[in-house]
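Read the figures in this text as sums done on the coordinates, not as results from a lab. Computed from a predicted model, the values in this text were never measured in an experiment. Note: ideal-geometry Cβ built from the backbone for every residue, glycine included; neighbour counts use all protein chains shown.
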Amino acid sequence: MTQRVELATVMDRLAIEELITDYAVSVDDGDWTAYRGLFSPDGRADYRRAGGIEGSAAEIAEWLTRTMELFPMRQHLIVNRRLRFGRLDNDTGDTADVQADYINPMRFAGDGAGSPSEAPSNAPSGAPDFVCGGRYAFALVRTHSGWRLRGVTVHEKWRRTESAAATTTP
C-alpha cells in the first residue's frame, strides 16, 4: 500500500466511525431528520430481532418516532466495532460492513411503562428501567455525499427491565 492509499483508508475509517456515532446520537436525541439523512436512497433497516419492524429509512424513522416516545431517556453505547471494506463495481473500498455490539439503557416515560402511575416503586431516580444489548450489522456505501448506511440490522441478544432486576437482587 502506498502512503496515499493508507491515508485514504484512515480517512474512510474515520468517516465511517463518525457515521456510526451519528446513528446512535440521532436515535438517542430523537432527531429523525438526521436519522433519515444517514441512509443511502435505497437504505433499509431491520429491527425485527429487537421486536420492531423492517423497512426503508423513512418508514423506520416514522416507527421510531412513535416507539421512542415511550423512552424519553436513551443512550446507545456502540462498541467492539469491526470494519471490513468491500467492493462495488470492481472498486475496492466503496462498500463496507461494520459489526458492532451495543448496550442501550433507556428510561420509560414517567419513570414507568408509559405513564407515571405505572412507575416501578423500586426504580432509583434517573436509573434506566430497561436495558438491552446485542449486535448491529451495518452495511455502508460510498456516495457522492460521503459514506451512507445501505442497511442496518439489529440483533438483540438480551434485555432486562428494572422490575426483573429488582426480583433477582438480594
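Every residue, every condition in (1) small (G, A, S); (2) closer than 19 Å to T21 by Cβ, yes or no:
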{"site": "R36", "(1), (2)": "no, yes"}
{"site": "G43", "(1), (2)": "yes, yes"}
{"site": "R48", "(1), (2)": "no, no"}
{"site": "G51", "(1), (2)": "yes, no"}
{"site": "A61", "(1), (2)": "yes, yes"}
{"site": "T67", "(1), (2)": "no, no"}
{"site": "R87", "(1), (2)": "no, no"}
{"site": "D94", "(1), (2)": "no, no"}
{"site": "D97", "(1), (2)": "no, yes"}
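Looking only at residues in region 9-55 that are touching a residue at least 60 places away in the same chain (Cβ under 8 Å) and in a strand (DSSP E or B), which one is farthest from M73 (Cα to Cα)? Taking the candidates together, the pick is D42. Criterion applied to T33, T21, T2, T67 was being within 19 Å of R135 (Cβ to Cβ) and out of contact with any strand residue (DSSP E or B) (no Cβ under 7 Å at 6 or more places or on another chain), and the one residue passing it is T21.
A quick yes/no check of all residues on (1) small (G, A, S); (2) surrounded by 15 or more Cβ atoms within 10 Å (Cβ to Cβ); (3) without any contact (Cβ under 8 Å) to a residue 24 or more places away in the chain:
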site: Q3; (1), (2), (3): no, no, yes
site: L7; (1), (2), (3): no, no, yes
site: A57; (1), (2), (3): yes, yes, no
site: M68; (1), (2), (3): no, yes, no
